[in-house]
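One structure below.
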Amino acid sequence: MIFSPLDHRLTAGLAGLESEHRRRRPRTVQTIPSAHTRVAGREILNFASNNYLGLAEDSRVCRAAAEAAHLWGAGATGSRLMGGTLAFHEELETALAKLKERESALVFPSGYHANLGMIPALAGPDDTLFLDRLAHASLVDGARLSKARVRIFRHNDPDDLNRALCRVSGNGERWVITESVFSMDGDRAPLKDLVSVCQKRSARLYVDEAHGTGVWGSGGRGWVNEQGVADQVDVCMGTLSKAFGAQGGFVCGSSMLTQWAINRARAFIYSTALSPSAVGASLAALKIMQEEPDRRSRLFGLSAQLWAGLNLKGEGPIVPLTVGEDTQALSLSSALWEAGIFAPAVRFPTVPKGAARVRFSVTANHAAEDIDRVLWAVGKWGRLNGNTHIENKSSPSPASAPLAPQVPIALRWAAGGRDSVL
Ligand SMILES: Cc1ncc(COP(=O)(O)O)c(C=O)c1O
């Protein structure tokens with residue numbers, strides 16, 4: 001192997017990350033990433049996906065993706081303004097606007113594109129952005145790209161936001177930017193209070209519903225809609241890559257907003273349009289999420305089992321077990337791995353320093369025994385590491401928590417069992 005000067009620099013950089021326990025190595029998933037899957041040659045319980053409703057493997061969604069490719073082609077063949085806008089995209093946009101009870105929606109190639117495109121389209125150097133301290137990297141990157149002034153307010157703290165807004169005056173616009181359901185904590189923004197602060201201080205509100213859409217609100221409309229503030233949020237962003245089990249992102253709001261985005265959001269303008277298969281899958285997923293509310297009930301039931309078993313307060317499918325130091329999170333994650341559970345350690349810079357954690361992501365296709373298995377493995381790790389706090393969190397015996405799927409994945413596939421268990 002020949003090492004260029006660049007390779008030398010990168011090798012040193014990676015060694016630095018290694019010494020700080022921050023070097024990332026993806027684990028390769030070898031079958032459909034459903035609740036039970038194969039990772040790195042092992043049958044494993046998957047608590048790493050954002051496939052909350054189990055729709056990524058639903059045969060109706062997969063079939064819709066395949067049919068869309070046959071009907072519309074493998075790719076959209078161009079950016080939206082250069083021949084890539086298909087009637088199919090517009091069908092999805094109409095359906096998303098209806099879901100979110102807004103006038104208009106616009107689809108982006110990913111949720112990351114949506115945030116990276118929208119924030120600089122709406123704010124510039126004269127403006128000020130107020131970001132929740134835990135806002136997702138895509139919101140932070142969008143804010144940086146906008147060149148607007150950035151102020152951070154304390155997580156989910158409308159009073160702190162109010163104070164921050166009072167400190168900034170001038171002619172520019174003020175935008176408050178938050179997630180509705182926080183990706184690494186699973187908690188929800190106090191949207192009614194944020195709306196009232198924004199109204200009092202004449203600020204605009206941008207809400208990222210990546211983890212809210214499909215999971216919260218009737219028919220999966222999202223946390224914004226569940227809180228009854230849909231028409232008071234200026235921009236509601238979402239993704240098709242989590243509860244929808246597909247790929248892509250979107251924003252919704254007034255039709256003026258989407259018209260503006262079409263003209264000014266560079267990540268929309270200068271990237272190839274969303275692939276037809278992702279559009280087809282999203283439309284099928286959207287239909288199922290509205291017609292099968294049992295999926296959400298089941299998801300919330302399983303999530304409640306995990307929250308309670310870990311003795312933590314919270315609701316919904318994102319369950320973080322914060323252990324503090326990076327090394328502890330890595331140790332817990334690898335103990336879980338040994339127990340046949342895939343739940344990654346989340347470290348700085350994804351979460352603040354000293355707040356490293358294992359993030360469990362529950363899906364509607366998990367079973368109660370899968371949750372028992374997690375609780376057993378967490379408790380075992382706590383005992384072995386003298387962490388009584390963690391040890392006390394769990395109880396079930398391994399006997400009640402079978403390690404492997406009852407039927408090998410290949411057999412389930414052959415038997416036509418790719419559909420979710422619901
Ligand atoms: C809060 C939040 N916003 C945006 C995104 C980006 O969405 P996508 O994965 O569709 O690019 C994510 C994905 O992790 C997210 O968690």
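Here, each number is a calculation from the coordinates, and none is a lab measurement. The shown structure was predicted, so the numbers you read here are calculated from the model rather than taken from an experiment. Counting neighbours? That spans all protein chains shown, and the Cβs are built from the backbone with ideal geometry, glycine included.
List of remarks:
- Among Leu71, Leu336, Leu299, the largest mean-square fluctuation in a Gaussian network model of the chain (Cα springs under 10 Å) belongs to Leu71.
- GNM remark for the chain: springs join alpha carbons under 10 Å apart, and the peak mean-square fluctuation among Glu291, Glu57, Glu90 falls on Glu291.
- Taking all Cα pairs closer than 8 Å and separated by 6 or more residues, the relative contact order of the chain comes to 21 percent.
- Using the Cα coordinates of the range 1-62, the gyration tensor eigenvalues translate into equivalent-ellipsoid semi-axes of 36, 13, 11 Å, sorted from longest to shortest.
- Three-way shape label, the range 220-259, alpha-carbon gyration tensor, a/c 1.5: oblate
- Normalising the average separation of contacting C-alpha pairs (under 8 angstrom, six or more residues apart) by the number of residues puts the relative contact order of the range 240-312 at 29 percent.
- Above-threshold pairs, the threshold being 30 Å between Cα atoms, out of Lys287/Lys313; Lys242/Lys313; Lys287/Lys353; Lys147/Lys200: Lys287/Lys313; Lys287/Lys353
- Extension gain, Glu101 back to Gln259 (0.36 nm per residue minus Cα-Cα distance, nm): 55.1 nm
- Between Ser334 and Thr94, the simple spin-label model (points 7 angstrom out along Cα→Cβ) gives 5.5 nm.
- Coupling constants for the range 15-23 follow from the phi torsions by the Karplus curve (6.51 cos²θ - 1.76 cosθ + 1.60, θ = phi - 60°), and in residue order they are 5, x, 4, 4, 5, 9, 6, 10, 6 Hz; glycine and proline get x.
- The convex hull of the Cα atoms of the chain, projected and averaged over all directions, covers 22.4 nm².
- Comparing Cα centroids, the range 248-264 and the range 39-93 end up 21 angstrom apart.
- Tensor-based shape of the range 120-196 (alpha-carbon gyration tensor, a/c under 1.5 rounded, otherwise prolate or oblate): oblate
- Tensor-based shape of the range 59-290 (alpha-carbon gyration tensor, a/c under 1.5 rounded, otherwise prolate or oblate): prolate
- Value at 222 nm in deg cm²/dmol, rounded to 500, when DSSP H runs of n ≥ 4 in the chain each add -39,500 (n - 2.57): -12500 deg cm²/dmol
- The range 343-384 residues near the modelled Glu43 label - backbone nitrogen below 17 Å, point 7 Å along Cα→Cβ: 366-371, 373-374
- Distant-in-sequence amide H partners of Arg204 (H built 1.01 Å from N, under 5 Å): Arg174, Trp175, Val176
- Between Ser169 and Arg9, the contour length at 0.36 nm per residue exceeds the alpha carbon distance by 53.2 nm.
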